[in-house]
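Trainee: Following this message is one structure expressed as structure tokens.
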Amino acid sequence: MPALQLVSKEPTLDETVDRELILQLQSGELEALGVLYDRHRQLVFRTAVAITGDAEMASDLLQEVFLRLHRFAQRVDPERPIQPWLYRMTTNLSYTWVKRRTRWLRFIQDMADRVILDKRPSPHLLAERDEGLRWIQQAITSLPIQQRIVVVLYYINDLSLQEIGEILEIPVGTVKSRLYYARRVLKNKLGIHREALLKVYYETT
């Protein structure tokens, strides 16, 4: 039986560009930080606003994430993709802020777009949609923060279970468990409004 050969994954073009930028940043070239900021600010902001529910705070966290990237640049491995590091730093900072402020998560527009496709609905449908979004918001914000983070990374950022586990530094089984219990909570809380939500969804598509 022939020996199994492990084939290393070739870096993508984006990863190659990020690698060069990280090396430049580690060499003290601040311009590289600006380029990294432009390349990845959307994913950081989207993640932060989804977890905190506060766009203004998410903007502050966005700045803090890249300040820390500059401060800890020497600890970043340029041979690995930068996105997991950014996700991890963003979720950690957002988690700290949420726990400190104990504020409820407001439902973000990205999630609203996934639930309801708005195509010039009537005022009546707009009212129904707003009511539906309030139900969804209450369900999302009722999740424990650890489950909330997993939901944000999985459903909004479209990350795999493996990627989430690496970012949060937890086993994939733990990711699955948190996602499972989060789904149960959301299903139970949205169940009584399911018909209304479906009605709004189908009439606006």
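The values are calculated or read from the model by the stated rules, or taken from the named source; none is laboratory data. Fair warning: this is a prediction, and the values are worked out from it, not measured in the lab. For neighbour counting, all protein chains shown are included, and Cβ atoms are generated from backbone atoms with ideal geometry for every residue, glycine included.
Trainee: Tell me which helices (runs of 4 or more DSSP H) are completely within region 48-134 and hold 2 or more residues being crowded, with 20+ Cβ neighbours inside 10 Å and either at pLDDT 85 or above or not assigned by TED's automatic domain parsing to the domain that holds E31 (or both), or say none if there are none.
Mentor: 55-71, 83-101
Trainee: Let me ask something else. If A182 passes every condition in (1) closer than 30 Å to R80 by Cα; (2) part of a helix (DSSP H, G or I); (3) modelled with pLDDT of 85 or more but one, which one does it miss?
Mentor: (1)
Trainee: Could you check I170 against (1) in a loop (DSSP other than H, G, I, E, B); (2) of a type outside the set (K, R); (3) surrounded by 16 or more Cβ atoms within 10 Å (Cβ to Cβ) and say which number it fails?
Mentor: That leaves (3) as the condition not met.
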